Amino acid sequence: MPRKQESLSPSKAYIDTTILTDALLKKNPQGDKARSALKAFDATILPVYAIKEFKSGPLDYFIYLHNKLLSTKSLSQTLRALGTLLSYQKNRPRTAIDAIADLMASGPPRKMTDEEQADLFRGALARLILAAWSKRRKVTTAVSDELSCYSETDPKIEIRTGRFSNPGKICKLYGPNECCLASSLKSRLGDMPKLIDAMKGQTGREHTRRREVLHKLANTPKKPMSAFDCARLGDAYFALYAPSDSKILTTNLRDHIPLATALGKTAIGPDSARPRSESGESARQP
Ligand SMILES: [Zn+2]
């Protein structure tokens, strides 16, 4: 079948943390969707900020789950612990429960004890965590926007205990040093009110913290920008740093679209980014 010619200009995607996470950690249809969306662009650019968010968020939740299975030696106790977490945290238990559901979907049908099941899943998680981390710079055509204040420290298994540790989740700052993004952000203070405006009506801790750091940059730029300020930028980072000829590729359109639009940029979801070989009129073979 001849391929349908799309656009003559090369397509470029700026990859956010949700797509990186799905591509690296999800062995399910959601992961397939992210991986095929990445193939739909001529260029896929991954900012190191997304690696930082991936490591301090989803990868850390997988590590938490691994260590919980290790310490309880029980799948049922692990699930109960996640249930307790749900009353005061959302993302960590939700990610962990999804991970268990995926493991159960691919698990063997034979009968196992609670402890055997915990051990089987823990082993699978350990392999998944290490593979995801080692592939983080290989799923896109380029990695960009290196962060001089952040080092990508490897998560590792402690030989004696079998526990995973995940050091270096935030920027490394010493004494009066600011986050390495501070000077570039402070040179474009006019963008901050646009982003704050775009977030009107959004509630929740993540949005409140993002608004706080944008206000701090806009109103008191002489105050140093901390490692926590950097982490709290979150989705705003992608709107600020995506190249103007790129599209922000994300599964979280609800949060990204207003921020991107405020700065004249575009955010699209994996459904709008079909591989070019599938975009022709011919249906695929069953
Ligand atoms: Zn930083």
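Bear in mind these aren't lab numbers, they're just calculated from the coordinates by the rules spelled out. All of these numbers come straight from a predicted model, not from anything done at the bench. Glycine gets a Cβ as well: all are built from the backbone with ideal geometry, and neighbour counts include every protein chain shown.
Worth pointing out:
Yes/no per residue for (1) of a type in the set (D, E, K, R); (2) in contact with a Pro (Cβ under 7 Å, 6 or more places away or on another chain):
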{"position": "Ser134", "(1), (2)": "no, no"}
{"position": "Arg137", "(1), (2)": "yes, no"}
{"position": "Ile159", "(1), (2)": "no, no"}
{"position": "Phe164", "(1), (2)": "no, yes"}
{"position": "Cys179", "(1), (2)": "no, no"}
{"position": "Leu185", "(1), (2)": "no, no"}
{"position": "Asp191", "(1), (2)": "yes, no"}
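- Of all residues making up the range 191-210, the number that are of a type outside the set (Asp, Glu) and closer than 14 Å to Ala239 by Cα: 8
- Filtering Asp154, Asp197, Asp191 for residues that are exposed (fewer than 12 other Cβ atoms within 10 Å of the Cβ) and in contact with a helix residue (DSSP H, G or I) (Cβ under 8 Å, 6 or more places away or on another chain) leaves a single hit, Asp197.
- Note on the range 233-268: residues that are in contact (Cβ under 8 Å) with a residue 24 or more places away in the chain and either out of contact with any strand residue (DSSP E or B) (no Cβ under 8 Å at 6 or more places or on another chain) or farther than 18 Å from Pro10 by Cα (or both) amount to 19.
- Scanning the range 157-177 for residues that are under 15 Å from Arg136 (Cβ atoms) and either within 16 Å of the ligand (Cβ to nearest atom) or not in a loop (DSSP other than H, G, I, E, B) (or both) yields Gly168, Lys169.
- Within the range 100-125, being touching a helix residue (DSSP H, G or I) at 6+ places or on another chain (Cβ under 6 Å) and among the small types (Gly, Ala, Ser) holds for Ala118, Ala124.
- None of Leu130, Leu120 is touching a strand residue (DSSP E or B) at 6+ places or on another chain (Cβ under 9 Å) and closer than 21 Å to Ile63 by Cβ except Leu130.
- Here Cys230 fulfils each of the conditions (1) within 16 Å of the ligand (Cβ to nearest atom); (2) under 20 Å from the mean Cα position of the chain (by Cα); (3) closer than 15 Å to Leu263 by Cβ apart from (3).
- The single condition from (1) touching a residue at least 12 places away in the same chain (Cβ under 8 Å); (2) more than 30 Å from Leu70 (Cα to Cα); (3) assigned to a helix (DSSP H, G or I) that Ser183 fails is (1).
- Residues of the range 198-214 satisfying the condition of being farther than 16 Å from Ser184 by Cβ and assigned to a helix (DSSP H, G or I): Ala198, Arg205, Glu206, His207, Thr208, Arg209, Arg210, Arg211, Glu212
- Within the range 11-60, considering residues that are of a type in the set (Val, Ile, Thr) and within 16 Å of the ligand (Cβ to nearest atom), the one farthest from the chain's Cα centre (by Cα): Val48
- Ala81 among the small types (Gly, Ala, Ser), closer than 21 Å to Pro155 by Cβ and without any contact (Cβ under 8 Å) to a residue 40 or more places away in the chain: yes
- Considering the range 82-98, and only residues there that are touching a helix residue (DSSP H, G or I) at 6+ places or on another chain (Cβ under 6 Å) and not β-branched (Val, Ile, Thr), the residue that is surrounded by the fewest Cβ atoms within 10 Å (Cβ to Cβ) turns out to be Leu86.
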